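> There's a structure below that I have some questions on.
The values are calculated or read from the model by the stated rules, or taken from the named source; none is laboratory data. Keep in mind it's a predicted model, so treat the numbers as computed, not measured. We place every Cβ from the backbone using ideal geometry, glycine too, and count neighbours over all the protein chains shown. For accessibility, only protein heavy atoms count, side chains too; no ligands or nucleic acids. Shrake-Rupley method; radii C 1.70, N 1.55, O 1.52, S 1.80 Å.
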Amino acid sequence: MLRTEYISRLRECNTLNVIFQLTDKCVLSCKYCFAKGTHNGKPITFPIELLDQAIYQAFQTNHSYVVFEWTGGEPLLVGKYFFENVIELQKKHSTKPYENCVQTSGNLFDPGLIDFLIENEFSISTTIDGTRTIHNQNRPTNTNQGSYDAVVKTMNYIRDKGASCGFISTITKNNLGFENEMLECFQQLEVNSFHSNPYIYYEKNNVKDNSIALSKEDVARYFISEFNAWVERGKISPVPRTVYDIIKCLQKQAPISDTICTYGGRCLTNFVALTPNGDAYLCPKFTGSDNMMLGNIQQSTLLELLSVESKKMCELIDQRVEAINKCAQNKCGYFYICNGGCPYHSFIASEGQNISEVDHLCQSKQMIFDYLHDILYTINEKE
């Protein structure tokens, strides 16, 4: 792929996702957390002046739509007053359509704040890793208690208020072999669909547990088993969106526009994660890695940092083009699905040096794609 072609693909995305890592503090001690303790003594959250600056800059980029994502740690720790300021500043600076999303652990139950977020049309999402047993193994509280019941309580409260509450599942070794039980659990929770996010061990993360991390083979095994369990259940809700999106791509032999970010191939100039001192990264998972910092919004604007002409972005674009061309050299027939893979998985493959390596999960994905491709081929032959 030529550099100009890659930049053209980036520009096809008109949405800017600004991910505010409000704090690296949390009420849980998840076994795989990439965020806890990464801010290295930075303020507990954004000072009002910096929040004002960040929101203003988000509306000044060349994108036509802005998604503000409020995450952490536990974003609800910053309290209702903080989000009141968010609403005020967005109204003050908005020049284009926008929306707000909050990703909470669900363990911090704050009805007043939740009511406020719902009233102001924030979408709220949480994490449920599977059955009560699996979830509590993966996501204990800071006092080593289970968090499952608290998360379900929060989810039900949000729904009772007439709002929706989505979730993702982080998959560890604890989930393997329990794919059907997970679907049964999620059906009982009246979930329509969910995404699964595999936990990959990275040595340089502050929080890590190699005993529950998935190997490349584990990742393929899980998603194939998840698909089989879903089919055996009659392909009813909940829909495992990760494999469902792959199937749609395979059926069309073309990419789909609403796939998750790890298959989007569009993150470099359209996603940015901010920490409470103004440091900017491509993604929250890069927080704390100096070689992946785009800059600081107090010295350069988001428009400048996300420009394809900025020094750091030029470097990262060159690295992604190199990674994509390695895919081409390997004669992979599935580029239209994964778009060269996730930059963070390339980062892991390079041991934290760059994002130009082949995605750490490339072999896993090919096994999944091959399996699903063969299933679809067999169905078509029978028809």
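> For region 53-157, which GluC sites (Glu not before Pro) are both in a DSSP coil and crowded by at most 14 other Cβ atoms within 10 Å?
On the way: sites: E69, E84, E88, E99, E119, E121; in loops: E121.
Here the GluC sites (Glu not before Pro) that fit, given the DSSP loop and packing criteria, are E121.
> Quick one: P(r) of region 270-313 from all Cα-Cα pairs, 10 Å bins, percents rounded to integers, in order of increasing distance.
Pairs per bin, as whole percents: 32, 62, 5.
> Which trypsin sites (Lys or Arg not before Pro) from region 293-362 combine a DSSP loop assignment with at most 16 other Cβ atoms within 10 Å? Mind showing how you got there, number by number?
Working: sites: K311, K312, R320, K326, K331; in loops: K331.
Filter output for region 293-362: K331.
> Here's something else I'd like to know. If you wrap a convex hull around the C-alpha atoms of region 75-179 and split its volume per residue, what is the figure in Å³?
Details: hull volume 12.3 nm³, N = 105.
In region 75-179, the Cα hull volume divided by residue count equals 117 Å³.
> Putting +1 on Lys and Arg Cβ atoms and -1 on Asp and Glu Cβ atoms, find which of A213, F167, C26 reaches farthest to the positive end of the dipole of the chain.
In the chain, that residue is A213.
> Please list, in order, the residues from region 180-203 whose amide nitrogen is less than 16 Å from a point placed 7 Å along the Cα→Cβ vector of K248.
The answer is 192-196.
> If you project the alpha carbons of region 245-383 onto the principal axes, what extent comes out on each, in Å, largest first?
So the extents along the principal axes, rounded to whole Å, are 61, 27, 24.
> Report, in debye and to the nearest 20, how large the dipole of the chain comes out about its Cα centre when Lys and Arg carry +1 and Asp and Glu carry -1 on their Cβ.
Numbers: 35 positive and 43 negative charges, 50 e Å.
Once rounded to the nearest 20, the dipole reads 240 debye.
> For the pairs K31/K285; K36/K208; K216/K365; K208/K312, note any where the Cα-Cα span goes beyond 18 Å.
Numbers: K31/K285 15 Å; K36/K208 11 Å; K216/K365 9 Å; K208/K312 28 Å.
Pairs exceeding 18 Å: K208/K312.
> Sort 362-371, 228-237 for me by packing, meaning the mean count of neighbouring Cβ atoms within 10 Å per residue, highest on top.
Working: 362-371: 19.4, 228-237: 12.8.
Answer by packing, highest mean first, reads 362-371, 228-237.
> Okay, moving on. Excluding ligands and nucleic acids, what accessible area in Å² is computed for T4 using a 1.4 Å probe, to the nearest 10?
100 Å²
> On average over all directions, what projected area in square nanometres does the chain have, based on the convex hull of its Cα atoms?
Numbers: hull surface 73.2 nm².
Averaged projected hull area, Cα only: 18.3 nm².
> Further, regarding this structure: Give the span of region 196-276's Cα atoms along each principal axis, as three whole-Å numbers ordered largest to smallest.
The principal-axis extents, from largest down, are 44, 35, 22 Å.
> Relative to the Cα centre, what is the charge dipole magnitude of region 277-323, using +1 at the beta carbon of each Lys and Arg, -1 at the beta carbon of each Asp and Glu, and rounding to the nearest 20 debye?
On the way: 4 positive and 7 negative charges, 25 e Å.
Charge dipole, region 277-323, about its Cα centre: 120 debye, nearest 20.
> Go from 0 up to the bin containing the longest alpha carbon distance in region 130-223, width 5 Å each, and give me the % of pairs per bin.
Calculated over all Cα pairs of region 130-223, the distribution is 2, 12, 20, 24, 19, 13, 7, 2, 0 percent.
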